[in-house]
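The values are calculated or read from the model by the stated rules, or taken from the named source; none is laboratory data. Just so you know, these numbers come straight off a predicted model, no measurement behind them. Counting neighbours? That spans all protein chains shown, and the Cβs are built from the backbone with ideal geometry, glycine included.
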Amino acid sequence: MAKRQLALEAFELNIADAYFLADLAGSLTNQRVNRMRKELRVTVGDTLRIGKTQRDALDCIESDDFFVVLKPETTLDRHRLKDVRPLLRQAIVAGSAAFETYVADRVMELLGPVLRQRPLPSRLAEISMTVEQYYDIEARYQRKGWGVRELVSAAVTERASPSPTQVGMAFAIVNEKKLLQRVDSKLRQAKGTAHDHLERLYARRNAIAHTGDRVGRGRADIDRAEVIGDLDQLCRVAQAIDSVTPARTA
């Protein structure tokens with residue numbers, strides 16, 4: 001049987017997508033001022049077997065990483081590719097989603113022993129069950145605890161979010177209190193640093209997802225260094241959460 005993937009391992013795989021988007025944005029940043037020279041268009045046209053009548057439409061972008069040829073019938077041009085901010089915005093969205101998934105996964109990793117505690121943590125005890133859900137568990141599970149876990153998993157997924165308030169509420173289900181304060185202590189940073197970072201990132205994610213990152217008639221500024229810094233901080237927070245919430249023995 002394959003080993004079950006840990007929450008932090010899944011997070012690292014998921015947030016790699018966000019880093020890829022940020023890196024791609026950096027690699028596509030065009031350093032070339034002028035369009036492709038005529039002699040280069042001839043060479044590229046010969047290499048790509050593009051007809052002589054179409055070669056005038058050839059263009060390119062160039063960076064330290066890429067030399068990208070824009071073929072005659074492309075719907076893109078150097079001016080559209082000049083703005084890589086859409087990739088950076090989606091990197092923020094992808095990073096936030098990776099962290100949100102991590103929160104839910106980590107809470108579920110810690111749930112087993114907590115279900116056997118008496119009294120239950122108040123946040124766990126307050127998760128409600130409908131009559132339909134009760135009879136569904138009765139019908140489907142010989143071990144009723146697995147049905148309860150499924151019910152809790154749905155509630156945790158619903159609560160999981162990059163919002164620091166929601167992070168605290170999700171981990172309170174497994175009796176992990178003052179979590180972000182403990183993260184700050186682990187990272188040796190000022191009290192409130194993790195909370196403020198997650199709050200700012202959550203607001204930015206929402207602005208991107210719900211309003212297109214608009215500010216007035218334009219869009220908010222964003223650059224790769226800012227995005228990489230935000231992703232790095234998410235990694236530090238996730239790693240610290242894993243450290244200060246050690247898996248209990250079942």
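Quick look at the numbers
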{"item": "Which numbered condition Phe99 misses (of (1) within 30 Å of Gly51 (Cα to Cα); (2) modelled with pLDDT of 90 or more; (3) within 27 Å of the chain's Cα centre (by Cα))", "result": "(1)"}
{"item": "Residue count, segment 23-82 (criterion: within 30 Å of Asp232 (Cα to Cα), without any contact (Cβ under 8 Å) to a residue 60 or more places away in the chain and hydrophobic (A, V, I, L, M, F, W, C))", "result": "6"}
{"item": "Residue match in segment 38-58 (condition: outside the structural domain of Ile228 (by TED's automatic domain parsing) and under 30 Å from Ala225 (Cβ atoms))", "result": "no"}
{"item": "Qualifying residue in segment 96-119 (condition: without any contact (Cβ under 8 Å) to a residue 12 or more places away in the chain, farther than 30 Å from Arg200 by Cβ and hydrophobic (A, V, I, L, M, F, W, C))", "result": "no"}
{"item": "Single residue of segment 213-239 satisfying the filter (of a type in the set (Gly, Ala, Ser) and more than 17 Å from the chain's Cα centre (by Cα)) that is nearest to Phe20 (Cα to Cα)", "result": "Ala220"}
{"item": "Matching helices (runs of 4 or more DSSP H) fully within segment 151-246 where at least 3 residues are among the charged types (D, E, K, R) and over 30 Å from Arg118 (Cα atoms)", "result": "193-211, 224-244"}
{"item": "Counted residues, segment 191-227 - those being among the aliphatic types (A, V, I, L, M) and surrounded by fewer than 18 Cβ atoms within 10 Å (Cβ to Cβ)", "result": "6"}
{"item": "Enumeration of residues in segment 114-144 that are assigned to a helix (DSSP H, G or I) and either surrounded by fewer than 12 Cβ atoms within 10 Å (Cβ to Cβ) or of a type in the set (Ser, Thr, Tyr) (or both)", "result": "Ser122, Ala125, Val131, Glu132, Tyr134, Tyr135, Glu138, Ala139, Arg140"}
{"item": "Residues located in segment 199-224, provided they are in contact (Cβ under 8 Å) with a residue 40 or more places away in the chain and either out of contact with any strand residue (DSSP E or B) (no Cβ under 8 Å at 6 or more places or on another chain) or not assigned by TED's automatic domain parsing to the domain that holds Leu115 (or both)", "result": "Leu201, Tyr202, Arg204, Arg205, Ile208, Ala209, Arg219, Ile222, Asp223, Arg224"}
{"item": "Any chance Ala172 is buried (at least 17 other Cβ atoms within 10 Å of the Cβ) and in the same structural domain as Arg106 (by TED's automatic domain parsing)", "result": "yes"}
